[in-house]
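Structure first, then comments.
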Amino acid sequence: MNVRDRIQQLKEEKGAVVLAHNYCLDEVQEIADFVGDSLGLAIKASEVTEPIIIFCGVTFMAESAKILNPEKKVIMPEADAVCPMANMCSPSQLEEAKKATPSAKVVGYVNTSAAAKAKMDICCTSANAVKVIESLKGEEVIFVPDQNLGAYVAGKTGVTIRLWEGFCPTHQAFTLQMVEDMRAEFPSAVVMAHPECRPEVLEMADMVGSTSQMLDYAADSKAKEFIVLTERGLLYRLRRDSPLKKFHVPDVAVCPPMKMTDTRSVLKALENEGPELLLDDEVIEAARRPLERMISLR
Ligand code: 13P
Ligand code: SF4
């Protein structure tokens, strides 16, 4: 039996659901039961009724699944797949920032550890950051850890936001020159950018949004060609959903941790029912509040 069929058989036998992020390898997206952006995955994870969640993506996403549905066994086929931005804001640094500005609300991008989330007032993703900031009705905000998303949201809402120095190495690698060169090569292309891109890159974009928002935008758009300023894994669904349209990503658009999980590691995870992602009950309890507060804004 091939790997794909065996995965299917084990999923049914064990009651497992495979969740995967839009950046995962094509072969992983193909065997997943649900593929989405961080917000979609968090919502989906909270609704899973099966006993096992196999999470294909990076650790902060699997942690959110565990926090939102703690009764489930959450398994990460590649437990070392860590988003580097999630390590750019430690709980102790956050504690210090809160002491320095006690009146400010801490808005935390979901690309953070569970322990850091435990110290936040509310979480956000790239899909709902503007809505989250607007929900705070003008309160002072410390935004962690992505400085580019924070600056983008500050510009959109007019709210004064204290930025952190975090960034995504993959999106930070897209320079203005790179995008200008792509525009010169594909002059009729619409530019879609993830808000983790540099401010000068976002200024050039025709559309800024989360990975799933880009999928919807490209499918609905009359345009035939797109420059896509995010990780290349998104190409799989862009091309599948809009086979007659052309999509171009920068050569450097690769997130290494997202590429660690393949179908073999998914199969192994199903066979071994591990490695299981475990979190302290106290962390789960404290980190659930800001995540649920975010989801309730839906
Ligand atoms: P999305 O929530 O837009 O899928 O983004 C997650 C991410 O890690 C982007 O780099
Ligand atoms: Fe983290 Fe960037 Fe990879 Fe997204 S693309 S998971 S922010 S390193």
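Could you work out how far the C-alpha centroid of segment 43-95 sits from that of segment 110-184, in angstrom?
Segment 43-95 and segment 110-184 have Cα centres separated by 20 Å.
Over its Cα atoms, what ratio of radius of gyration to 2.2 N^0.38 Å does segment 203-298 give?
Ratio of Cα Rg to 2.2 N^0.38 Å: 1.46.
Would you mind calculating the relative contact order of the chain from Cα pairs under 8 angstrom and at least 6 residues apart, reporting the percent as a whole number?
Relative contact order comes out at 24 percent.
Testing the spin-label approximation: label points 7 Å from Cα along Cα→Cβ at L278 and E225. State their distance in nm.
Spacing of the two 7 Å Cα→Cβ label points: 5.5 nm.
From Cα coordinates alone, what are the radius of gyration and Dmax values for segment 86-167 in angstrom?
11.2, 30
Which whole-Hz ³J(HN,Hα) couplings does segment 38-45 yield from phi under the Karplus relation 6.51 cos²θ - 1.76 cosθ + 1.60, θ = phi - 60°, glycine and proline marked x?
4, 5, x, 5, 5, 5, 4, 4
Out of every Cα-Cα pair in segment 157-234, what percent are more than 19 Å apart?
Of all Cα-Cα distances in segment 157-234, 38 percent exceed 19 Å.
Report, by chain and number, residues whose modeled amide H sits under 5 Å from the one on I54, excluding near sequence neighbours (fewer than 5 apart, same chain).
V17, V18, L19, I75
Per residue of segment 54-68, what does 6.51 cos²θ - 1.76 cosθ + 1.60 with θ = phi - 60° give for ³J(HN,Hα)? Whole Hz please, x for Gly and Pro, Karplus curve as stated.
9, 9, 9, x, 10, 4, 4, 6, 5, 4, 4, 4, 5, 5, 7
Can you put H21, H248 in order of Cβ neighbours within 10 angstrom, beginning with the fewest?
Ordered from fewest to most neighbouring Cβ atoms within 10 Å, H21, H248 come out as H248, H21.
Eight or more residues apart or on different chains, and alpha-carbon atoms under 18 Å: count the Lys pairs in segment 165-298 matching that.
Number of lysine pairs found: 5.
Return the inverse of the average 1/r over all pairs of distinct C-alpha atoms in segment 21-155, which is the Kirkwood hydrodynamic radius, in Å to one decimal.
Kirkwood radius, segment 21-155: 15.7 Å.
So what are the radius of gyration and Dmax for the Cα set of segment 50-113, in Å?
14.3, 44
Quick check on the chain: helices-only [θ] at 222 nm, where DSSP H runs of length 4 and up contribute -39,500 (n - 2.57) each and the sum goes over total residues. Nearest 500, please.
Calculated from helices alone, the mean residue ellipticity at 222 nm is -12500 deg cm²/dmol.
What's the long-distance tail for segment 4-99, i.e. % of Cα pairs beyond 23 Å?
28
When the convex hull of the C-alpha atoms of segment 107-263 is computed, what volume per residue in Å³ does it have?
Residue-normalised Cα hull volume stands at 124 Å³.
If N is the number of residues in the chain, what value comes out of its Cα radius of gyration divided by 2.2 N^0.38 Å?
0.99
No lab work stands behind these numbers, since they all come straight from the coordinates. Here the structure is a predicted model, which is why all the values come from computation and not from measurement. A quick note on method: Cβ atoms are made from the backbone with ideal geometry, for glycine too, and the neighbour counts reach across all protein chains shown.
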